[in-house]
Amino acid sequence: MNKPFTFGVELEMMVAFVVEGQKKPDLKETRTVVFASRNEPRDLEIESRYASEFYPAFYKSRIIAEFKRIIGEAGFPVASTETDTSGWAVVGDTSLNHPTNTEMETEGYSWCGIEIKTPALPFTPQSFQAV
């Protein structure tokens, strides 16, 4: 029996964000750039250690949770762990760098690398449409 072809896609991106309480650099910005806490336990030691100096490390879990929420609301299965291959996985990606563009639109934002990985998908038009 011939096995069907499958494929997977990894989308790597830098996500711009602002720290809670900080004004948006561009008040006309309509995309999500504030990633508020959603039912995560507060750890004051971690907050004090990361909140001022390492924003991407501190906000990464919030950004990942928001991407997972959006993927799930769109009707796609969401992986429960980084190694779960049954759904779309969202993980941090430290191989990415801050955009080198120094134009005004990037000033005032912090950046976090994120990777979205599809599960193994059958080589069909429906899978291409999903991606």
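The values are calculated or read from the model by the stated rules, or taken from the named source; none is laboratory data. Just so it is clear, the structure is predicted and the values come from calculations on it, not from any experiment. Here the Cβ positions follow ideal geometry from the backbone for every residue, glycine too, while neighbour counts run over all protein chains shown. Please note that ligands, DNA and RNA were not included when accessible areas were found on the heavy atoms of the full protein model with its side chains. Shrake-Rupley method; radii C 1.70, N 1.55, O 1.52, S 1.80 Å.
Summary table
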item	result
Other-chain or far-sequence residues with amide H under 5 Å of Val34's (modelled H)	Val18
Fraction of accessible area attributable to carbon and sulfur, the range 65-131 (%, probe 1.4 Å)	57
Added length on full extension, which subtracts the Cα-Cα distance from 0.36 nm per residue, Ala65 to Lys24	12.7 nm
Cα-Cα over 20 Å, subset of Lys68/Lys117; Lys28/Lys68; Lys23/Lys117	Lys28/Lys68; Lys23/Lys117
Sorted peptide list for 59-72, 2-15, criterion being average Cβ within 10 angstrom, highest first	59-72, 2-15
